[in-house]
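K.L.:
Supplied in structure tokens, the structure appears directly below.
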Amino acid sequence: MEPLPARVLSVDKETHDTFTLRLEQPPGMAGFRPGQFSMLYVFGVGELPISISGDPEHPGDLTYTVRSVGPVTYQLVTRHEGEAIGVRGPFGTSWPMAECRGKNVLIIAGGIGLAPLRPAIYHILRHRGDFGRLVILYGARSPRDILYKKELAAWNLLPDTQVLNTVDYGGVTWRGYVGVVTTLFKYLRLLPSETAAILCGPEIMMRYAIRDLSARGFQDDQIWLSMERNMRCAVGFCGHCQLGPHFACKDGPVFNYPSIKPYMDLYEL
């Protein structure tokens, strides 16, 4: 429960309001698995849950992609090199890398939801022979909101890897796809029976994506998703992140779809 001080190594601007924060991993802190999160604490300001967005096999530092939307996130992204931030964790469940082994992997991301999925992409690319085809579908609000532009372009050049991204509003200079991320499904060339799907983004996006995946022959147990809730303690004590009988902080944030299917259509739960 006590945050450990971590030294800021760098803060890099991703978009107009989103930054990637790299911290020195505190001594004695355990490594993380793709999909887990930390509680980041700015001393005297507050604490927030932030998904880890770095390479799980790159020891020594912790990476977080943070959108500046409030006082705590603003203080996080305006830290300077050498300053300290409190870190607790890592917490929560992880993406099903073992279950995906030997299968194609379909990654569906919306907005900043690409950040929690990036460690899974790193894992697949580091262990390429263990997985089949990798397809990444990514939707953002506008071209200026697209995360990791250079990495997306580089991944799309790799063997057995396809990256498609779309935006809600393209503007006069955009030459890519326009529409919600599910409009990219028509370009899929994957056998559902041989594919695992992992999703992260706004809940409304995930609801429609799951509906369309089911219509294309995906079974419920082939789908995993990361649920975002108002986590305060991160260990299941406070109850703020309750999702039906589950707590997103310790039973999630990554869930296999059948375990939370009854609650996905209940808004404001």
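The values are calculated or read from the model by the stated rules, or taken from the named source; none is laboratory data. Computed from a predicted model, the values in this text were never measured in an experiment. Cβ: placed from backbone, ideal geometry, glycine included. Neighbour counts: every protein chain shown. To get the accessible areas, we keep the full protein, side chains included, count just its heavy atoms, and leave off ligands, DNA and RNA. Shrake-Rupley method; radii C 1.70, N 1.55, O 1.52, S 1.80 Å.
K.L.:
Which of the residues that make up segment 171-209 are at positive phi and out of contact with any strand residue (DSSP E or B) (no Cβ under 6 Å at 6 or more places or on another chain)?
P.N.:
Of everything in segment 171-209, just one residue is at positive phi and out of contact with any strand residue (DSSP E or B) (no Cβ under 6 Å at 6 or more places or on another chain), namely G171.
K.L.:
Would you say R101 is basic (K, R), more than 21 Å from K149 (Cβ to Cβ) and touching a helix residue (DSSP H, G or I) at 6+ places or on another chain (Cβ under 6 Å)?
P.N.:
So R101 passes the test.
For every residue, the table says whether it meets (1) under 30 Å from Q222 (Cα atoms); (2) modelled with pLDDT of 95 or more; (3) out of contact with any Gly (no Cβ under 8 Å at 6 or more places or on another chain).
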site	(1), (2), (3)
I50	yes, yes, yes
G54	yes, yes, yes
P59	no, no, no
T65	yes, yes, yes
P71	no, no, no
G82	no, yes, yes
G89	yes, no, yes
S94	yes, yes, no
C100	yes, yes, yes
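K.L.:
Oh, and also: Can you give me the number of residues within segment 66-82 that are in contact (Cβ under 8 Å) with a residue 40 or more places away in the chain and surrounded by 14 or more Cβ atoms within 10 Å (Cβ to Cβ)?
P.N.:
Summing the residues that are in contact (Cβ under 8 Å) with a residue 40 or more places away in the chain and surrounded by 14 or more Cβ atoms within 10 Å (Cβ to Cβ) in segment 66-82 gives 6.
K.L.:
Among (1) under 22 Å from G31 (Cβ atoms); (2) open to solvent by 20 Å² or more (accessible area, probe 1.4 Å); (3) outside any helix (DSSP H, G or I), there is one condition R88 misses while meeting the rest; what is its number?
P.N.:
(2)
Yes or no, residue by residue, for (1) farther than 22 Å from H123 by Cβ; (2) at pLDDT 95 or above; (3) charged (D, E, K, R):
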| site | (1), (2), (3) |
| --- | --- |
| Y169 | yes, no, no |
| T173 | yes, no, no |
| G176 | yes, no, no |
| L184 | yes, yes, no |
| L188 | no, no, no |
| T195 | no, yes, no |
| L199 | no, yes, no |
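K.L.:
Contact list please: Cβ distance under 9 Å, first residue in segment 132-148 and closer than 28 Å to L191 by Cβ, second residue among the basic types (K, R) and at pLDDT below 95, pairs at least six apart or on different chains.
P.N.:
Listed pairs, sorted by first residue: R133/R189; V135/R189.
K.L.:
Give me the pairs, please: first residue somewhere in segment 196-218 and open to solvent by less than 20 Å² (accessible area, probe 1.4 Å), second residue anywhere and of a type in the set (K, R), beta-carbon distance under 8 Å, and either six or more positions apart or on two chains.
P.N.:
A196/K103
K.L.:
Also: Among the residues of segment 139-193, how many are charged (D, E, K, R), under 24 Å from E203 (Cβ atoms) and out of contact with any Lys or Arg (no Cβ under 8 Å at 6 or more places or on another chain)? Show your work before the answer.
P.N.:
First pass over segment 139-193, keeping only residues charged (D, E, K, R): 141, 144-145, 149-151, 160, 168, 175, 186, 189.
After this cut, where a residue has to be under 24 Å from E203 (Cβ atoms) as well, the list is 141, 144-145, 168, 186.
Among the residues that remain, those that are also out of contact with any Lys or Arg (no Cβ under 8 Å at 6 or more places or on another chain) are: 141, 144-145, 186.
Here the count works out to 4.
K.L.:
Within segment 26-46, which residues are surrounded by fewer than 19 Cβ atoms within 10 Å (Cβ to Cβ) and within 19 Å of P116 (Cα to Cα)?
P.N.:
A30, G31, R33
K.L.:
How many of the residues making up segment 178-195 are assigned to a helix (DSSP H, G or I), under 21 Å from D160 (Cα atoms) and open to solvent by 30 Å² or more (accessible area, probe 1.4 Å)?
P.N.:
Count: 4.
K.L.:
Restricting to segment 245-269, and then to whatever is open to solvent by less than 20 Å² (accessible area, probe 1.4 Å) and assigned to a loop (DSSP other than H, G, I, E, B), can you tell me which residue is nearest to L191 (Cα to Cα)?
P.N.:
In this case the residue turns out to be M264.
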